[in-house]
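Asker: One structure, as structure tokens, below. Some questions next.
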Amino acid sequence: MGRILWTPSEERTSNANLKGYSAFLRRGKGLDFGSYGDLHQWSVEERAAFWESLWNFFGVIASRQPDTILENPGDMLESKWFNGARLNFAQNLLRYKDDRTAIVFKGEASPPVRMTYAELHAEVAALAHSLRAMGVKVGDRIAGFMPNMVETVVAMLAATCIGAIWSSTSPDFGAKGVCERFGQIDPKVLFTADGYSYNGKLFHSLDRVRDVVQEINSLERVVVVPYISKDPEVSSIPNAVLYRQFLSKQQQWEITFEQLPFDHPVYILFSSGTTGVPKCIVHGAGGTLLQHMKEHALHTDMKRDDVVFYFTTSSWMMWNWLVSSLAIGATIVLFDGSPFYPDPGALFRLAEEEGMTVFGTSAKYLSAFEKEGLSPGKMYDLSPLKTILSTGSPLSVESFNYVYSDIKEDVHLASITGGTDIISCFALGNPMAPVWEGELQCRGLGMKVDVLDDQGKSLRQEKGELVCTASFPSQPLCFWNDPKKQKYQAAYFDVYPNVWKHGDFAEITEHDGVIIYGRSDATLKPGGVRIGTAEIYRVLENMEEVVDSVVVGQKWEDDERIVLFVRLAEGKTLDGDLVNKIKKRIRLDCTPRHVPSKVIAVPDIPYTISGKKVELAVRRVIDGEEVGNLDALANPESLEHYGDLEELRW
């Protein structure tokens, strides 16, 4: 059993938005819940009443109220939420129009850029007018091949004001990767920057943009934002114009917010694409809005005076999640570049300078800081910081302890899990509850999350498949170009009928928390026993000799054996003594079944551009299979080190 690492103070609990929501339910519905577990139980048993209460609690701006809250509640594919409602996604994010700071943007080597809510409103109005003037209408797709900067947010809001559908990807993708994504959805307009900065180097984008324009015939306009140069040359790109030239010069435009159904598409996000052409996942405006406001206000305890940061690119759904903080009226901090430039403390220095209260990052980032032996809490003034969020991969027990020993003793650490598929979370934080070592605190309100065995039996304190057994508003509307929902059905509902299988190997604990053991499609099965990869990674993160690792199963003698690849610290060699030390540590901290048959040193570990370890790609390489869509990888050349290895032939 783990231990409690943090308990919220009485003051913090009494001021929590979750407490205010509970009081709202008590006044309006006569409901009184003794615990979060009781509230969660009601929220999943009475889903229509729960989601309607959020609509009212948050004061969703709508020109027409819903006729019904939930139709076809028993069918996860065909449930329909808030039928009859008319609203606009951007209008709800732009509900504030004052002189508070809305956005701070910090480029890697550039001074901060700030924009107030009033300035944001004015710029969105001007850009929306320009888009309408060129013929953009409801349902058109607008694409962003953009760094995580102010203009990216403005372009998304301007597009969604009109009812166009926004889709974005970061500028570190190659032209092929961009075309494989945007080429499927036929965008009318492409927003791009002339380049970006990473790790102190400038990278030019316009040559790739030229290639993209030649491949995607639907593009009628390319809008270029100067970033790495003041006046980039765009004449060689068909239909290209600089951002300021495209932006309407007339001042004081009023925004006409198109009033659209609750399930009108707002975003198209893409699966990682490491095993084939990326899936185009379509998300609805109303479901995304309600889900994000719930997660921000109730699970993260965001308020108007918060300064919210998440280290993300415009390719990752955490960008969409971060930007929705505007609906709370908070200040969002955008960062573009390497988190370790000019030194490992870049993001924590930014946290100090901007007075961040919510700091979001990845488990990999926290682990890297821990490996360096650095103590951000001693190096920077983090006194305003009240919440640290972590996602992307499971956060190890050691990293949980590191946060409290070396970053801040009094901080709400919320490890969260969900994904692009639901543009939100299945399990996340509870600001009124203790943080247990190694656990995600709770299942999200309104999310009927369970863990099942192979026969579909519900499990407690046992490992199994993470599922959701009832529909929720932020489910994808569909996959693009999948009119009969065949791909959608196959992606989530083929294993357990009418139950969403998310693809994570997980456990619900005795505290009703959640532990994630890694992707279930990458789960190891030696001798038919399922083993989570995260269990092995947690051991290795404690070994100073190992900088990084990836573990996969290899087909072997009608079974599967565990193969561990390690990237060693500088000056270390994988000799027999170190191999034995690694195996012994895994055997002691896990079980004999976790011990790898092979331990092999490699110079690099493959990751997606969004920072996720790609075990499946490694497994394909060692099994002699082709890896599709290498453009989805941040370091595709790393896979060269895994093919045709002598050690794997015996």
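The values are calculated or read from the model by the stated rules, or taken from the named source; none is laboratory data. It should be emphasised that the depicted structure is a prediction, and the values quoted were computed from it without experimental measurement. So basically every Cβ, Gly included, is an ideal-geometry build from the backbone, and we count neighbours across all protein chains shown.
Asker: Is there a residue being crowded, with 16+ Cβ neighbours inside 10 Å and at pLDDT below 95 anywhere in the range 469-481? If you could, list the steps in order and put the result at the bottom.
Answerer: If we filter the range 469-481 for residues that are crowded, with 16+ Cβ neighbours inside 10 Å, which is where we start, we get 469-480.
If we keep only those that are at pLDDT below 95 too, we end up with none.
No, because not a single residue in the range 469-481 is crowded, with 16+ Cβ neighbours inside 10 Å and at pLDDT below 95.
Asker: Of everything in the range 497-526, what is in a loop (DSSP other than H, G, I, E, B), modelled with pLDDT of 95 or more and in contact with a strand residue (DSSP E or B) (Cβ under 7 Å, 6 or more places away or on another chain)? Give them in sequence order.
Answerer: Within the range 497-526, Val499, Thr509, Asp512, Gly513 qualify.
Asker: While we're on this one: Out of the residues in the range 431-466 meeting the condition of being of a type in the set (D, E, K, R) and within 20 Å of Trp42 (Cα to Cα), tell me which one is farthest from the chain's Cα centre (by Cα).
Answerer: Step one: list which residues in the range 431-466 are of a type in the set (D, E, K, R), which gives 437, 439, 443, 448, 450, 453-454, 457, 460, 462-463, 465.
Next, from what is left, pick out any that are within 20 Å of Trp42 (Cα to Cα): 443, 448, 450, 460.
Values: Arg443: 17, Lys448: 20, Asp450: 21, Arg460: 27 Å.
Once the filter is applied, the top-ranked residue is Arg460.
Asker: With the checklist (1) crowded, with 22+ Cβ neighbours inside 10 Å; (2) in contact with a Phe, Trp or Tyr (Cβ under 8 Å, 6 or more places away or on another chain); (3) hydrophobic (A, V, I, L, M, F, W, C) in hand, flag the one item Leu428 doesn't pass.
Answerer: Leu428 satisfies all of (1) crowded, with 22+ Cβ neighbours inside 10 Å; (2) in contact with a Phe, Trp or Tyr (Cβ under 8 Å, 6 or more places away or on another chain); (3) hydrophobic (A, V, I, L, M, F, W, C) except (2).
Asker: Follow-up. Can you run down the residue pairs with Cβ atoms below 8 Å, 6 or more apart or on separate chains, where the first is in the range 633-650 and free of Cβ contacts under 8 Å to residues at least 40 places away in the same chain and the partner is surrounded by 14 or more Cβ atoms within 10 Å (Cβ to Cβ) and assigned to a strand (DSSP E or B)?
Answerer: Close Cβ pairs satisfying both conditions: Asn635/Tyr607; Leu639/Leu633.
Asker: Would you confirm whether or not the range 446-461 contains a residue that is touching a Leu at 6+ places or on another chain (Cβ under 7 Å) and of a type in the set (Gly, Ala, Ser)?
Answerer: Scanning the range 446-461 turns up at least one residue that is touching a Leu at 6+ places or on another chain (Cβ under 7 Å) and of a type in the set (Gly, Ala, Ser).
Asker: If you don't mind, another one. Residues of the range 604-650 being surrounded by 20 or more Cβ atoms within 10 Å (Cβ to Cβ), outside any loop (DSSP other than H, G, I, E, B) and polar (S, T, N, Q), which ones?
Answerer: Selection gives Ser638 alone.
Asker: Could you list, ordered by first residue, the pairs with Cβ atoms under 6 Å in which the first is in the range 4-32 and free of Cβ contacts under 8 Å to residues at least 12 places away in the same chain and the second is basic (Lys, Arg) and not in a strand (DSSP E or B), at least 6 apart or interchain?
Answerer: What qualifies is Asp32/Arg26.
Asker: Moving on to the next point. If the requirement is being more than 22 Å from Trp321 (Cβ to Cβ), touching a Ser or Thr at 6+ places or on another chain (Cβ under 9 Å) and not assigned by TED's automatic domain parsing to the domain that holds Gln252, which of these qualifies: Arg132, Arg86? Before you say what the answer is, go through the steps one by one.
Answerer: Details: Arg132 fails: not assigned by TED's automatic domain parsing to the domain that holds Gln252.
Just a single option satisfies the conditions, and that option is Arg86.
Asker: What are the residues in the range 380-418 that are closer than 18 Å to Ala506 by Cα and either small (Gly, Ala, Ser) or part of a loop (DSSP other than H, G, I, E, B) (or both), if any? Reasoning before the result, please.
Answerer: As a first pass, look at the range 380-418 and keep what is closer than 18 Å to Ala506 by Cα: 390-397, 400, 414-418.
Passing the criteria: Ser390, Gly392, Ser393, Pro394, Leu395, Ser396, Ala414, Ser415, Ile416, Gly418.
Asker: While we're here: So if I check each of Ile388, Ile416, Ile407, which one is in contact with a Cys (Cβ under 8 Å, 6 or more places away or on another chain) and within 25 Å of Gly345 (Cα to Cα)?
Answerer: On the way: Ile388 fails: in contact with a Cys (Cβ under 8 Å, 6 or more places away or on another chain); Ile407 fails: in contact with a Cys (Cβ under 8 Å, 6 or more places away or on another chain).
Matching residue, one of Ile388, Ile416, Ile407: Ile416.
Asker: Now for a separate question. When the range 123-148 is examined, which residues are found to be crowded, with 24+ Cβ neighbours inside 10 Å and of a type in the set (A, V, I, L, M)?
Answerer: Val124, Leu127, Ala128, Leu131, Ile142, Ala143, Met146
Asker: Going through Gly276, Gly345 one at a time, which residue ends up being surrounded by fewer than 24 Cβ atoms within 10 Å (Cβ to Cβ), in contact with a helix residue (DSSP H, G or I) (Cβ under 7 Å, 6 or more places away or on another chain), modelled with pLDDT under 95 and more than 24 Å from Asp140 (Cβ to Cβ)? Steps first, please.
Answerer: Details: Gly276 fails: in contact with a helix residue (DSSP H, G or I) (Cβ under 7 Å, 6 or more places away or on another chain).
None of the others qualify; the one that does is Gly345.
Asker: While we're here: Report, by residue number, each residue of the range 559-603 that is modelled with pLDDT of 90 or more, part of a loop (DSSP other than H, G, I, E, B) and over 31 Å from the mean Cα position of the chain (by Cα).
Answerer: Glu570, Gly571, Lys572, Thr573, Leu574, Asp575, Val595, Ser597
Asker: Please determine, by comparing only the residues of the range 234-248 that are touching a residue at least 24 places away in the same chain (Cβ under 8 Å) and part of a loop (DSSP other than H, G, I, E, B), which one is surrounded by the fewest Cβ atoms within 10 Å (Cβ to Cβ).
Answerer: In this case the residue turns out to be Ser236.
Asker: Across the range 170-192, what is the total count of residues that are among the polar types (S, T, N, Q) and surrounded by fewer than 24 Cβ atoms within 10 Å (Cβ to Cβ)? So that I can check it myself, show each step before the final result.
Answerer: Keep residues of the range 170-192 that are among the polar types (S, T, N, Q), which gives 170, 184, 192.
Filter once more, so that each one left must be surrounded by fewer than 24 Cβ atoms within 10 Å (Cβ to Cβ): 170, 184.
Summing the residues that are among the polar types (S, T, N, Q) and surrounded by fewer than 24 Cβ atoms within 10 Å (Cβ to Cβ) in the range 170-192 gives 2.
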